[in-house]
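**Student:** Quick one: the structure is below, and I'll ask about it shortly.
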Amino acid sequence: MSKKIASARISTSSSKLLQELNNSLPFDKVLYREDIEGSRAHAYMLAEQGIISKEDYAQIEQGLVEIYEEVEAGEFLLDGDDEDIHMAIEGRLTSKIGNAGKRLHTARSRNDQVALDFRLFVQKNTQKIANLLLENIATLIKVASENTNTLLPGMTHLQHAQPINFGFHMMAYASMFKRDYERFISSYERNNYSPIGCAALAGTPHPINRKTTAEKLGFKAPTLNCLDTVSDRDFALEILFNISTMMMHMSRLSEELILWSASEFKFVQLSDKHATGSSIMPQKKNPDIPELLRGKTGRVNGNLVALLTVMKGLPLAYNKDMQEDKEGVFDSVKTALLSLEVLNEMIGEMTVNVEQMEKACMIGHLSATDLADYLVKEVGIPFRDAYHITGNVVNVAEEKGVDISELSFEDLKAVDDRITEGVVVLLDNRASMNARISEGGTSSVRTQEQIDFLSSWLNKEKGE
């Protein structure tokens with residue numbers, strides 16, 4: 001039979017099916033650190049306000065410290081028949097110190113208690129994820145700085161479009177991760193308010209000091225409205241959204257690593273540490289890590305949609321539906337932390353095949369736009385006419401079986417006699433890449449500016 005510390009109104013034993021459906025201890029035991037941390041702060045405030053005696057506080061404080069040590073040492077196993085982590089710890093405390101333990105729950109409810117524990121968990125892991133994002137940005141910057149002159153086919157529609165450098169491509173993902181980092185930091189600041197002291201939904205008649213507990217727990221201040229607070233899970237939705245967006249970015253990078261490591265591309269080679277073989281084909285080297293990262297994006301997206309669906313029709317204040325708020329968050333946080341660690345290691349140890357990338361730039365007439373731009377700037381031809389002239393030049397290159405950059409001046413002039421000899425130099429792929437000198441462009445100089453800017457920003461965020 002389930003222990004029912006909070007069941008004064010219920011006179012009969014719960015159905016076994018209800019117990020099984022209601023029991024959250026198997027998953028919310030993850031919150032034992034936060035629960036003990038919150039209880040210690042609450043007890044401190046109760047004593048400071050004279051709501052409980054100093055003697056009771058001393059026993060509660062010592063008991064909670066001992067329970068924490070017992071859990072950490074594996075002596076207190078959180079696998080009993082308590083219905084949740086809060087009851088498990090309170091029950092253990094009462095068994096250790098008697099009536100003093102029963103006074104701990106004065107001026108609070110499980111509603112604000114769980115809101116506190118869960119928010120503390122989300123806040124701590126928001127910081128962990130943000131720090132790992134900084135590490136990934138640093139790794140991308142390092143790879144980019146080594147490849148500001150490495151030519152790569154820039155693509156649209158997965159078709160060769162214009163020559164860029166590989167460092168520029170890496171900086172695109174570093175920019176995505178910077179936005180991800182900023183989202184996590186913004187969420188941390190927005191949600192850094194303490195729920196404890198709101199009790200069930202309307203506050204408490206006890207003369208508590210919510211500012212004291214907020215300060216003890218590292219929050220900026222108490223939350224504003226108790227009715228909102230106990231039923232608010234925006235902080236959980238935010239971390240799920242932030243993780244989903246971040247994992248979407250990781251999935252896009254993973255997709256490119258999968259393509260680039262394929263035989264048709266051979267742009268990069270993943271370390272053997274980050275690939276697997278085939279059970280039947282001995283020659284295979286499979287990019288399992290980026291494939292798994294790509295796949296886990298669906299997992300975290302599902303967790304976000306699940307919680308949005310749980311919350312969409314709930315009246316104020318707390319409803320038991322909200323017990324479904326945690327497992328998806330725990331899962332997404334675990335997935336995010338592991339994914340960031342393995343991605344960082346994989347990117348840092350992959351080999352960039354410079355020769356193969358530059359060879360691929362000779363496919364697809366990547367400098368064709370440079371010819372059109374030249375005709376507009378130097379000859380004064382309207383762009384739409386220049387566009388069609390360039391198309392005719394590309395047709396000539398196709399007929400000859402060469403890249404547009406390999407055509408002779410005579411070949412070009414035969415298409416339109418207004419073309420001058422200076423254009424031949426402009427059609428070189430490296431010259432084309434370095435011609436993109438607008439701010440944010442792919443030229444080696446502009447790419448280095450991006451690297452310098454993001455490096456400076458990174459050092460500031462790390463406090464260096």
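**Student:** If you bin the C-alpha pair distances of segment 167-264 every 10 Å from 0, what whole percents do you get?
**Tutor:** For segment 167-264, the binned pair fractions read 14, 31, 22, 16, 11, 5, 1, 0 percent.
**Student:** Could you work out how far helix 383-400 tilts from the main Cα principal axis of the chain, as a 0 to 90 degree angle to the nearest 10?
**Tutor:** Relative to the chain, helix 383-400 is tipped by roughly 70 degrees.
**Student:** Further, regarding this structure: Strictly under 4.7 angstrom between C-beta atoms: which cysteines of the chain have no such partner?
**Tutor:** Isolated Cys, the chain: C361.
**Student:** Using DSSP to call loops (not H, G, I, E or B), can you name the trypsin sites (Lys or Arg not before Pro) in segment 348-393 whose Cβ has at most 14 other Cβ atoms within 10 angstrom?
**Tutor:** Answer by residue number: there is no such site.
**Student:** Below 14 angstrom from the Cβ of K124, what's the summed charge of the other residues (Lys, Arg +1; Asp, Glu -1)?
**Tutor:** Its environment carries a net charge of 0.
**Student:** At a 1.4 Å probe radius, carbon and sulfur cover how many percent of the accessible area of the chain?
**Tutor:** 52 percent
**Student:** How big, in percent, is the set of alpha carbon pairs in segment 398-464 lying more than 13 Å apart?
**Tutor:** Every Cα pair in segment 398-464 considered, those over 13 Å come to 72 percent.
**Student:** For the chain, find the longest principal axis of its Cα atoms and tell me its angle to the long axis of helix 288-311, 0 to 90°, nearest 10.
**Tutor:** Helix 288-311 sits roughly 50 degrees off the main axis of the chain.
**Student:** Note down, for segment 305-464, the three equivalent ellipsoid semi-axes (square root of 5 times each alpha carbon gyration tensor eigenvalue), biggest first, whole angstrom.
**Tutor:** One finds semi-axes of 52, 22, 18 Å for segment 305-464.
**Student:** On to the next question. Over segment 350-464, what is the relative contact order in percent, taking alpha-carbon pairs closer than 8 angstrom and at least six residues apart?
**Tutor:** Relative contact order, segment 350-464: 21 percent.
**Student:** Starting from the Cα-Cα distance between Q159 and D288, subtract it from 0.36 nm times their residue separation and give me the gain in nm to one decimal.
**Tutor:** 44.0 nm
**Student:** Against the longest alpha carbon principal axis of the chain, how many degrees, from 0 to 90 and to the nearest 10, is the axis of helix 85-97 turned?
**Tutor:** 40 degrees
**Student:** Considering the chain, what Rg and Dmax in Å follow from its alpha-carbon atoms?
**Tutor:** Reported Rg and Dmax, both Å: 30.4, 99.
**Student:** Taking only C-alpha pairs under 8 Å that are 6+ residues apart, what is the relative contact order of the chain in percent?
**Tutor:** 16 percent
**Student:** Kindly flag which residue pairs out of K178/K460; K296/K334; K178/K216 have an alpha-carbon separation exceeding 19 Å in this structure.
**Tutor:** Violating the 19 Å limit, Cα to Cα: K178/K216.
**Student:** Which value does Rg/Rh take for segment 205-332 over its C-alpha atoms, Rh per Kirkwood?
**Tutor:** Computed over Cα atoms, the ratio is 1.21.
**Student:** Next up: With just the Cα atoms defining each centre, how far is segment 173-248 from segment 319-344? Give it in Å.
**Tutor:** Value for the Cα centre distance between the two parts: 16 Å.
**Student:** With runs of 4+ DSSP H residues as the only contributors, calculate the mean residue ellipticity of the chain at 222 nm using -39,500 (n - 2.57) per run, divided by the residue total and rounded to the nearest 500.
**Tutor:** After summing the helix terms and dividing by residue count, I get -19500 deg cm²/dmol.
**Student:** Hey, another quick one. Let me know the Kirkwood hydrodynamic radius for segment 137-208, please, with Cα pairs as the basis and the value in Å to one decimal.
**Tutor:** Answer for segment 137-208: a Kirkwood hydrodynamic radius of 16.0 Å.
**Student:** When averaged across all projection directions, what area in nm² does the alpha-carbon convex hull of segment 232-288 cover?
**Tutor:** 5.4 nm²
**Student:** Find how many whole Å separate the alpha carbon centroid of segment 120-135 from the alpha carbon centroid of segment 98-115.
**Tutor:** Answer, in whole Å: 29.
**Student:** Residue separation times 0.36 nm, minus the C-alpha to C-alpha distance between Q62 and H388: what's the value?
**Tutor:** 109.1 nm
**Student:** I would also like to ask the following. Which residues in segment 268-297 have a backbone N closer than 19 Å to a point placed 7 Å from the Cα of K359 along the Cα-to-Cβ line?
**Tutor:** 268-270, 285
**Student:** Still on this model: Just the number, please: Stokes-Einstein D of segment 258-364 in µm²/s, Kirkwood Rh from C-alpha pairs, 10 °C, 1.306 mPa s.
**Tutor:** Taking Rh from Cα pairs, D becomes 93 µm²/s.
The values are calculated or read from the model by the stated rules, or taken from the named source; none is laboratory data. Nothing here was measured: the structure is a model prediction, and the numbers come from that model. All Cβ positions, glycine included, derive from the backbone under ideal geometry; neighbour counts span all protein chains shown. Heavy atoms of the whole protein, side chains included, go into the accessibility calculation; ligands, DNA and RNA do not. Shrake-Rupley method; radii C 1.70, N 1.55, O 1.52, S 1.80 Å.
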